[in-house]
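Step one of this worksheet: look at the structure below.
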Amino acid sequence: MVDCGEGTQRQILRAGVGFKRLNHILLTHGHLDHILGLAGLLSTFMRWEAIDEVNIYGTRHTLDRVHDLLFGVVLRGQDPGMPLNLIEIKPGLIFNTDKFQIKAFSVDHRGSSSLGYVFEEYPHRPFLAELAESLNIPPGPWRRDLVQGKTVALQDGRLITPDMVLGEAKPGTKLAVVGDVGKPFKLVDHVRGADAIVTEATYLAEELEMAEKFGHSTAEQSAQLAKEAGAKQLILNHVSRRYRDDAILAEAQAIFPNTHLANDFDAFQIKASTA
């Protein structure tokens, strides 16, 4: 999960997704509207959820505020009942598995040591079933091992290498989550080629001066970022209730047509571009 605003645990319950696998929480920055929900979430975990551990990631500035909130207000000397790890991170690689990696990058937002995150699958080579058929490779463990990059020996004694049945490498899916940001133009290289960018649209262009004063972006600026970065999709959040949704979308879509406005409980499927 990225950030944890007030009421997060309530919305998780309403969505029916549960808490069991919620072990990693990435924080963009330490402003209260992005961390206050940690108090309720931890309280919920302590009451009735069997959670193995909770890892909360952020900059030192962010974690100092989280520590004050959780240990100074919620716990106040109590045992959380599970390992509760506050993990300081800096821009760069912060997490990887055998399928994907997460990198952090610096974001300008009112001196808050903010971070954005890029989730990116590793490139993969597609299995070409027609080549496997032409080589009379039977279904089963032989094909599985070839997909995993292993050379296999068939029952007739032939050795088949992965290069004989795998296509050219294709990039994996890339998702960029920016959070609150002033000067979004500085992030183009970090989010370049993303299949989707999730970022804010707190203001409209008519209040650009206000956006700059408080370190936020306009819908127009976020759309320009997506366009310059060659992104495939833009998902806007953190919008002000002073504007109508259609006004926010109109401003962004005039520059970047494939723009969506996120609402609670919306689900977006992000896929690697086939172009």
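What to note about this one:
- Expressed to the nearest 5 percent, the antiparallel share of DSSP beta bridges inside the chain is 50 percent.
- Ranked packing of 60-73, 221-234, most packed first, by mean Cβ within 10 Å: 221-234, 60-73
- Relative to the Cα centre, the charge distribution of the chain, modelled as +1 at Lys and Arg Cβ and -1 at Asp and Glu Cβ, gives a dipole magnitude of about 440 debye.
- Note on residue 127 and residue 153: with the Förster distance fixed at 25 Å, the Cβ-Cβ geometry gives a FRET efficiency of about 0.85.
- Taking label positions 7 Å along the Cα-Cβ direction at both residue 227 and residue 10, the computed distance is 3.9 nm, reported to one decimal.
- Within region 121-199: Cβ-based charge dipole about Cα centre, in debye rounded to nearest 20 (Lys, Arg +1; Asp, Glu -1): 240
- The long axis of helix 219-229 is offset from the longest Cα principal axis of the chain by roughly 30 degrees.
- Each Lys or Arg adds one and each Asp or Glu takes one away; over the other residues whose Cβ falls under 14 Å from the Cβ of residue 110, this sums to -2.
- Expected 222 nm ellipticity per residue - DSSP helices of 4 or more, -39500 (n - 2.57), all of the chain, to 500: -7500 deg cm²/dmol
- Spatially, region 102-119 and region 198-275 are offset by 17 Å when compared through their Cα centroids.
- Simple label model, 7 Å out from Cα along Cβ direction - residue 185 to residue 71, nm: 4.2
Just so you know, all these numbers are worked out from the coordinates, no wet-lab data involved. These figures come from a predicted structure and were not determined experimentally. Here Cβ is always computed from backbone atoms with ideal geometry, including for glycine, and neighbour counts include all displayed protein chains.
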